[in-house]
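Everything below concerns the one structure shown next.
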Amino acid sequence: MIDKNSVICISDDAAALACGADDVAAAFEKAGFAVKRVSSWGMQWLEPMVDTGGIGYGPVAADDVAEIIAGKADRLYIGPIEEHPFIARQQRLTFARAGKTRPLSLSDYEASGGWAGLIKAKQIGPDAIIEMLIDSGLRGRGGAGFPAGIKWRTVAGGDGPQKYIVCNADEGDSATFADRMVMEGDPFMLIEGMAIAGHAVGADKGFVYLRSEYPHAIVKMNAAIKACAHLIAPFVMEVRVGAGAYVCGEETSLLNSLEGKRGEVRAKPPLPALEGLFGKPTVVNNVLTLAAVPWIMTQGGAAYAAYGMGRSKGTMPVQLAGNIKNGGLFEIAFGMTLGELVNDIGGGTASGRPVKAVQVGGPLGAYIAPDQFDLPFDYEAFTEANALIGHAGITVFDDSADMAAMARFAMEFCAVESCGKCTPCRLGSTRGMETLDRIIAGENIAENIELIRDLSEMMKYGSLCALGGFTPYPVMSAINHWPEEFGMPKP
Amino acid sequence: MPILHDVQAEFGHISEDAIREIAGLLNLTRAEVYGVVSFYHDFRKEAEDRPALKLCRAEACKARGVEQLVGVMETAAGDRVKIEPVYCLGLCSVGPAAMVGGKVYARLTKEKAAKLVAEL
């Protein structure tokens, strides 16, 4: 029996909404309960999840509500949420508030330590902020893994009075939703991170470049910016909405798009840190990078660097997706192996069939077979294995996956999304798709595989940005691991 | 870009006339504005009266069986509903996923997907 006076917490994150959270919330309200709409815990296989004073139920449908209220819904009972192994095993720094606070409540944010990072940053001043960020070892979470502190120092030393902070929220990789969860669940944290960046490098204006596929995040970010404008002043912020171009997640393409141009990639140098938005020194950081900053400011760079392994410091919000039993957001220090993440935490496939492959790092990431599952989550270890962490999304496939079709899709995706600026990507992807079609049809297989290898080398080294440069990863990893699916003999 | 979003939200598409008008106001050539409109998947140059559904066809939704839904959805849609592919709605652990307007749907099965299309 649930006490009539207890407050029911239900997430209003897009994943919960897509699974029917509004109907569940309405059913509780109809039954006379006060319902608080909070951020998501990230246990997405249990969404819509209902939190009744720390005790969880999920996945709940509106029809189950009466049963829960009566205390009879044992089949949906999760127990104390904080003690659930999926939550208890995490090291949540960036997602410390997940599931607990109302995303747009300034009082919830303040009560849970919000703005302390910005206050401290203003006390210690720009040089000390950058010093602290360098000490933390924080690297760009968007995929490139470039040290954030070094980038900030470069921008701080850039010419002229006008500088910008740009938040890359064009999270287009399949299997990634951590940026979305930050913006929908804890938008003030991202704003605080951007305001700190502004103070550190001397920028008074920040843009969030947000993809149009995230309507809920757009609404919440706009509302949050409005609600806290007085707290971040003189720093001002604005949301700019993308228009469905994947390549705009690439930083120079994003800058062109922000300037109102076609989202074509720019050649580097000049670095955006020196000549970025409208030619001015610009910090371009991913949502997760900026969202990690308030914690680092309050707890110190060394505290952050105490997490992780090797040169991969701190925590990474890993996103478990695709055909996985326990899919959701799992924040953990670098170093956990891929096998632990997929099998122990993720519980293997949702279909119950054996895991055949996982793709890490979105559509440009390599396909990895279970025989490589001892790979630790670390930028350098992944690079050595010809794979990439990217934005830390893991897509799991069961044994029904058609690897030749997935390789072809990688080329097709690159062809559709190529900005057209450089030839290896624009033409290479289309020719690659056609060549894979011939391989799948069984024409001159050995010869065409050679052609794909050659083409991949050319795309990898000749493309201007990661779209053309990394598309060979999924293609070649599929061919190398599963040659029999391309009509080649097994090694 | 904000101007183009507003025009499309108001009129449903960005017409030749609109491009001319925007170019004039911003002191750009029509070709420059046309170039921007044609670059982005979201901007439409022609009016579209049919209701539209965006179906995620990216890897995570593929791993969760979206390709098996495409047939029934297209049958249910016929010429009446437009089904557009989208590469990732960020609902990658609860796919297959779709979006209609600003509303999102997850864990689609053949039955749920066909019903969703039929009700548009």
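The values are calculated or read from the model by the stated rules, or taken from the named source; none is laboratory data. If you're wondering where the values come from, they're calculated on a predicted model, not measured in any experiment. Here the Cβ positions follow ideal geometry from the backbone for every residue, glycine too, while neighbour counts run over all protein chains shown.
Filter region A:351-396 down to the residues that are in a strand (DSSP E or B) and of a type in the set (Ser, Thr, Tyr) and list them by number.
Residues satisfying the conditions are A:TYR367, A:THR395.
Is it true that A:MET476 is in contact with a Gly (Cβ under 7 Å, 6 or more places away or on another chain), at pLDDT 95 or above and not small (Gly, Ala, Ser)?
no
Please determine, by comparing only the residues of region B:38-59 that are over 13 Å from B:TYR87 (Cβ atoms), more than 9 Å from chain A (Cβ to nearest Cβ) and not charged (D, E, K, R), which one is surrounded by the most Cβ atoms within 10 Å (Cβ to Cβ).
My answer is B:LEU53.
Do we find that B:GLU119 is more than 11 Å from chain A (Cβ to nearest Cβ), surrounded by fewer than 18 Cβ atoms within 10 Å (Cβ to Cβ) and under 16 Å from the mean Cα position of the chain (by Cα) in this structure?
No.
Which of the residues that make up region A:309-334 are within 18 Å of the chain's Cα centre (by Cα) and away from every other protein chain (no Cβ under 11 Å)?
Passing the criteria: A:SER312, A:LYS313, A:GLY314, A:THR315, A:MET316, A:PRO317, A:VAL318, A:GLU331, A:ILE332, A:ALA333, A:PHE334.
Give the residue that is surrounded by the fewest Cβ atoms within 10 Å (Cβ to Cβ), with candidates limited to residues of region B:24-37 that are away from chain A (no Cβ under 12 Å) and either within 23 Å of A:VAL265 (Cα to Cα) or within 21 Å of the chain's Cα centre (by Cα) (or both).
B:THR29
Failed condition for A:TRP41, given (1) touching an Asp or Glu at 6+ places or on another chain (Cβ under 9 Å); (2) among the aromatic types (Phe, Trp, Tyr); (3) not in a loop (DSSP other than H, G, I, E, B), with all others met?
It is condition (3) that A:TRP41 fails.
So, of the residues in region A:1-23 that are within 14 Å of chain B (Cβ to nearest Cβ) and not small (Gly, Ala, Ser), which turns out to be farthest from A:GLU184 (Cα to Cα)?
Filtering region A:1-23 for residues that are within 14 Å of chain B (Cβ to nearest Cβ) and not small (Gly, Ala, Ser), the one farthest from A:GLU184 (Cα to Cα) comes out as A:ASP23.
Name the strands (runs of 3 or more DSSP E) wholly inside region A:145-261 in which the number of residues that are within 14 Å of chain B (Cβ to nearest Cβ) is 3 or more.
Filter on region A:145-261 gives A:205-210, A:236-241.
Scan region A:150-168 and tell me whether some residue there is surrounded by fewer than 24 Cβ atoms within 10 Å (Cβ to Cβ) and β-branched (Val, Ile, Thr).
Within region A:150-168 (the criterion being surrounded by fewer than 24 Cβ atoms within 10 Å (Cβ to Cβ) and β-branched (Val, Ile, Thr)), the answer is yes, since at least one residue qualifies.
Would you confirm whether or not region A:425-440 contains a residue that is among the small types (Gly, Ala, Ser), loosely packed, with under 15 Cβ neighbours inside 10 Å and part of a helix (DSSP H, G or I)?
There is no residue in region A:425-440 that is among the small types (Gly, Ala, Ser), loosely packed, with under 15 Cβ neighbours inside 10 Å and part of a helix (DSSP H, G or I).
Return yes or no: is B:GLU67 among the charged types (D, E, K, R), within 20 Å of B:LEU120 (Cα to Cα), out of contact with any Gly (no Cβ under 6 Å at 6 or more places or on another chain) and assigned by TED's automatic domain parsing to the domain that holds B:TYR105?
So B:GLU67 does not fit the description; no.
How many of the residues in region B:69-111 are out of contact with any Leu (no Cβ under 9 Å at 6 or more places or on another chain), more than 23 Å from A:GLU171 (Cα to Cα) and either assigned to a loop (DSSP other than H, G, I, E, B) or within 13 Å of another protein chain (Cβ to nearest Cβ) (or both)?
2
Would region A:112-122 turn up any residue that is buried (at least 16 other Cβ atoms within 10 Å of the Cβ) and farther than 27 Å from A:SER11 by Cβ?
Yes - at least one qualifying residue is present in region A:112-122.
Taking region A:369-400, which residues are crowded, with 24+ Cβ neighbours inside 10 Å and within 14 Å of chain B (Cβ to nearest Cβ)?
If the condition is that a residue be crowded, with 24+ Cβ neighbours inside 10 Å and within 14 Å of chain B (Cβ to nearest Cβ), then A:GLY390, A:HIS391, A:ALA392, A:GLY393, A:ILE394, A:THR395, A:VAL396, A:PHE397 are the ones that fit.
Do we have any residue at all in region A:57-75 that's under 21 Å from the mean Cα position of the chain (by Cα), crowded, with 22+ Cβ neighbours inside 10 Å and either of a type outside the set (Val, Ile, Thr) or within 29 Å of A:LYS226 (Cα to Cα) (or both)?
No, because not a single residue in region A:57-75 is under 21 Å from the mean Cα position of the chain (by Cα), crowded, with 22+ Cβ neighbours inside 10 Å and either of a type outside the set (Val, Ile, Thr) or within 29 Å of A:LYS226 (Cα to Cα) (or both).
Report yes if some residue within region A:340-355 is within 24 Å of A:ALA305 (Cα to Cα), out of contact with any strand residue (DSSP E or B) (no Cβ under 8 Å at 6 or more places or on another chain) and outside the structural domain of A:GLY140 (by TED's automatic domain parsing); otherwise report no.
Within region A:340-355 (the criterion being within 24 Å of A:ALA305 (Cα to Cα), out of contact with any strand residue (DSSP E or B) (no Cβ under 8 Å at 6 or more places or on another chain) and outside the structural domain of A:GLY140 (by TED's automatic domain parsing)), the answer is yes, since at least one residue qualifies.
Quick check: is even one residue across region A:319-331 surrounded by fewer than 23 Cβ atoms within 10 Å (Cβ to Cβ), without any contact (Cβ under 8 Å) to a residue 12 or more places away in the chain and farther than 23 Å from A:GLY469 by Cβ?
No, region A:319-331 contains no residue that is surrounded by fewer than 23 Cβ atoms within 10 Å (Cβ to Cβ), without any contact (Cβ under 8 Å) to a residue 12 or more places away in the chain and farther than 23 Å from A:GLY469 by Cβ.
Say whether the condition of being part of a helix (DSSP H, G or I) and closer than 30 Å to A:GLU340 by Cα is met by at least one residue in region A:397-404.
Yes, that holds for at least one residue.
List every residue pair whose Cβ atoms lie under 8 Å apart, where the two residues are 6 or more positions apart in sequence or sit on different chains, the first residue falls within region A:237-250 and is touching a residue at least 12 places away in the same chain (Cβ under 8 Å), and the second residue, located anywhere, is small (Gly, Ala, Ser) and part of a strand (DSSP E or B).
Qualifying pairs under 8 Å: A:MET237/A:GLY206; A:GLU238/A:GLY206.
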